[in-house]
Amino acid sequence: MIGTTWSQVFLRLGFLLAVALLLGWWLEQIWLCLCLVLTGVLSWHLYNLYRLDNWLQKSKKLDPPEASGIWGEVFYQIYKLQKRNRKRKRKLANMLKQFQASTGAMPDATVVLNSKHKIEWFNKAAVQLLGLKAAQDIGQIVSNLVRTPAFTEFLHEMGDANSNANARGRSIKILSPADPQVMLRIHLVPYGDNKRLMIARDVTDLHRLEQIRQDFVANVSHELRTPLTVIGGFVETLQDDLQEANEHFQRQWQRPLDLVAQQAHRMQNIVNDLLLLSRLESEIPKDMRKIVEVQFLLEDLCEEATALSGEARHQFVLDIEEDVHLYGSPDELESAFANLVFNAVRYTPAGGQIKLSWYRDAAGAHFAVEDTGEGIAEHHLPRLTERFYRVDVARSRKQGGTGLGLAIVKHVLQRHSASLHIESQLGEGSLFRCDFPPSAIVITEADETEDEDETTALD
Ligand code: ADP
């Protein structure tokens, strides 16, 4: 017990001082005797301090030096602390070994990156899938080793991932730098003190399946296109010829021919939409940096929508910020916006109001189509952008819909880093809004839109 030991120390010191005083009194050399005794005590402490220092610094042995009294106690307490530390260290080392063994056995490449994207650790699969080399790549910036431009851009975008909740769920697909036959999906997960866990998974099989599906749809659509054009053409000719046939013949064939023409036209629309979708899925976006003058695009669309509305005489309201434009593909954006506007016309009863708005705020630029139509029940909303998903199939067919319009909108927006927001109330109307990020906005002076040099991109 350390308390008892300290009382012993003071008792012993008191005893030694008493002996020194007695001896000094007897020899008439009190100060000399006191000095000698105190020097002895000090030397003993210094000697033990020296042994302690020696033991801690030089000796690799665990056992402490032999000592009595308070120094024995000090050695013992340090010994106990060291033993506890060694035990904890062993436990941590074991845990680390187990962690490394389990991540090492994982088929996914796992790489630990610091805040500057320098590699701190990686597992065996990272050697195979990402082509990292054991010792020499530790400390290297990962984008110097995985040099795909899309990956560098992805890293850059995810730079501030800790403060960006959306970035957490994002991933990209790239070819493996170690083997171009292998397709990888890379996730970057922020954790701890500004670190990132990069996980690369081999998705070659999935990618192939996806490719087969895309090719199949594209090929079938392509193969159907020509026969449908031929059928459509002949039906039109037959319809024209029918005008000159006798009345009985006309009565007999008018309706079947109209039906064939209508169905051929519907199939042509489906085939065209499918081809457009497969192009959007498989082609690398090009022409995405053109300046799209949204005001003119919407004015043209409004005219087309008025024509489509025809006798239904919908009221169109345009609310446009004229000097706000977009970087993007004019054709793709026109197709997406047209789908939303024409849907509003198709699903809004005669006389209803359709409002097209184009505006900018702190979150970016927005194109909204608001109608006073039939609305959509809430449980349908999450599935509306799926291919061929329709709330009312018969109604959609009657309106000439293909069930692919909103899927096209979703893909186009994805290619423009934008998203689709849908709000609807049954019986009251719907709002379809395309949200573009600030980086896609171009501001031009109203009278200088022709001059690209005068444009300002917002970041
Ligand atoms: P479709 O060619 O059938 O219109 P879309 O993909 O464009 O296919 O739309 C999917 C479904 O969403 C439509 O069938 C319709 O039920 C619903 N929908 C789309 N726009 C509207 C709208 N403005 N009002 C009500 N329902 C809508």
(message) Ignoring everything except DSSP H segments at least 4 long, calculate the 222 nm mean residue ellipticity for the chain; use -39,500 (n - 2.57) per segment, divide by total residues, nearest 500.
(response) -17500 deg cm²/dmol
(message) Only counting other Cβ atoms within 10 Å, I'd like Ser278, Ser357, Ser7 sorted with the fewest neighbours first.
(response) Ser7, Ser357, Ser278
(message) Under the rule of at least 5 residues apart or a separate chain, name every residue whose amide H is placed under 5 Å from the amide H of Leu404.
(response) Phe388
(message) Using Cβ contacts closer than 10 Å as the measure, can you line up Met267, Met183, Met198, Met106 from fewest to most?
(response) Met106, Met267, Met183, Met198
(request) Count charges around Gly429 for me, please; just the other residues with Cβ under 11 Å from its Cβ, Lys/Arg as +1, Asp/Glu as -1. (result) -4
(request) With only Lys, Arg, Asp and Glu charged, each at its Cβ (+1 for the first two, -1 for the last two), find how big the charge dipole of segment 206-282 is about the Cα centre; round to the nearest 20 debye. (result) 340
(request) Count charges around Asp273 for me, please; just the other residues with Cβ under 15 Å from its Cβ, Lys/Arg as +1, Asp/Glu as -1. (result) +3
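Pull out the extension gain between His222 and Asn269, defined as 0.36 nm times the separation in residues minus the alpha carbon to alpha carbon distance; nm, one decimal.
Stretched fully, the His222-Asn269 segment lengthens by 15.7 nm.
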(request) For segment 396-443, build the charge dipole from Cβ charges (+1 Lys, Arg; -1 Asp, Glu) around the Cα centre, then report which of Gly427, Val442, His411 sits farthest towards its positive end. (result) His411
(request) Could you grab the relative contact order for segment 106-202? Cα pairs under 8 Å, six or more apart, rounded to a whole percent. (result) 32
(message) Below 13 angstrom from the Cβ of Asn114, what's the summed charge of the other residues (Lys, Arg +1; Asp, Glu -1)?
(response) +2
(message) In the chain, once you exclude exposed trypsin sites (Lys or Arg not before Pro) (DSSP loop, at most 15 other Cβ within 10 angstrom), what's the longest stretch remaining?
(response) 171-285
(request) Determine, for Val230, Val294, the number of other Cβ atoms within 10 Å of each Cβ, and report the residues in order from fewest to most. (result) Val230, Val294
(message) Loop-only GluC sites (Glu not before Pro) in segment 326-408, please: DSSP not H, G, I, E or B, and at most 16 other Cβ atoms within 10 Å.
(response) Glu386
(message) So if I take the centroid of the Cα atoms in segment 299-349 and the same for segment 358-394, what is the distance between those two points in Å?
(response) 14
(request) Can you tell me the dipole magnitude for the chain around its Cα centre, using point charges on the Cβ only (Lys, Arg +1; Asp, Glu -1), in Debye to the nearest 20? (result) 5400
(request) Determine the distance separating the Cα centre of segment 132-159 from the Cα centre of segment 243-275; give it in Å without decimals. (result) 59
(request) Taking the dipole about the Cα centre of segment 305-379, with the C-beta of Lys and Arg at +1 and of Asp and Glu at -1, give me whichever of Ala336, Gly375, Ala365 is farthest to the positive side. (result) Gly375
(message) Please give the charge dipole size of segment 2-98, origin at the Cα centre, charges +1 on K and R Cβ atoms and -1 on D and E Cβ atoms. Round to the nearest 20 debye.
(response) 1400
(request) For Ala365, list long-range residues whose amide hydrogen, built 1.01 Å from N in the peptide plane, is under 5 Å from its own amide hydrogen. (result) Phe436
(request) Output the DSSP H helices from the chain with an along-axis C-alpha extent of no less than 15 Å and a mean Kyte-Doolittle hydropathy no less than -1.0. (result) 2-27, 30-57, 69-105, 204-242, 247-282, 294-309, 330-346, 405-415
(request) Among Asn54, Leu384, Gln239, flag the residue with its Cα farthest along the positive direction of the charge dipole of the chain, charges on Cβ as +1 for Lys/Arg and -1 for Asp/Glu. (result) Asn54
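Coordinate-derived values only; no laboratory data. Since this is a predicted model, take the numbers as computed values, not measurements. FYI the Cβ positions are ideal-geometry reconstructions off the backbone, even for glycines, and counts take in every protein chain you see.
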